[in-house]
1. Looking only at segment 95-118, count how many residues are among the small types (Gly, Ala, Ser) and free of Cβ contacts under 8 Å to residues at least 24 places away in the same chain.
2. Applying the selection to segment 51-98, what residues are among the acidic types (Asp, Glu) and either under 21 Å from Tyr127 (Cα atoms) or surrounded by 13 or more Cβ atoms within 10 Å (Cβ to Cβ) (or both)?
3. Filter segment 113-122 for residues that are loosely packed, with under 15 Cβ neighbours inside 10 Å and under 18 Å from Asp88 (Cβ atoms) and give the result.
4. For Phe87, are the conditions met, namely being closer than 15 Å to Phe114 by Cβ and hydrophobic (A, V, I, L, M, F, W, C)?
Amino acid sequence: MRALGARWRHGGLLAAAALLLSACAGGGLNVAAGSGTHAFPDNYKADILAAMHAYLNDPSGIRDAAITEPMLKEVGNGTRYVVCLRFDGKRDNGSYAGLKQIEAVFLAGRFEDFVDAPHEPCQAATYRAFPELEQLKR
């Protein structure tokens, strides 16, 4: 009887291991519709503001900040929500660098990364003022 119980226990462990390995074999995140990766980034402004502290050497004194609404866009090998940003930030010497445009990329409703030099749809997007970005401190 004890050997039968051990066999069941080992069989269950093997099945669980096979299930975990098959989930990992997909090679990354599933970006199929309905998988949760297309969740709207409800807190996108707060996420962007927090990430700008790491992205910019000096996040204070930003001028002419503007932002778009989140939009679905093909990024890399999948579809992500993207928010376009425009702003004039400071260089290391304190002078202004000029108007810069970047994309904030979101996965499953959470900030993933900034992309420099965005193309469409940011070029034709409708921007609105983003005063919260201009109020950042070091």
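A short reminder: the numbers here are calculations on the coordinates, not readings from a lab. Note that this is a predicted model, so its numbers are computed, not measured. For neighbour counting, all protein chains shown are included, and Cβ atoms are generated from backbone atoms with ideal geometry for every residue, glycine included.
1. Pass one, segment 95-118, residues among the small types (Gly, Ala, Ser): 95, 97-98, 104, 108-109, 117.
Then drop every residue that is not free of Cβ contacts under 8 Å to residues at least 24 places away in the same chain, which leaves 95, 97-98, 117.
Qualifying residue count, segment 95-118: 4.
2. Within segment 51-98, the subset among the acidic types (Asp, Glu) is 58, 64, 69, 74, 88, 92.
Asp58, Asp64, Glu69, Glu74, Asp88 - these are the residues of segment 51-98 that are among the acidic types (Asp, Glu) and either under 21 Å from Tyr127 (Cα atoms) or surrounded by 13 or more Cβ atoms within 10 Å (Cβ to Cβ) (or both).
3. Asp116, Ala117
4. Working: closer than 15 Å to Phe114 by Cβ: yes; hydrophobic (A, V, I, L, M, F, W, C): yes.
So Phe87 fits the description; yes.
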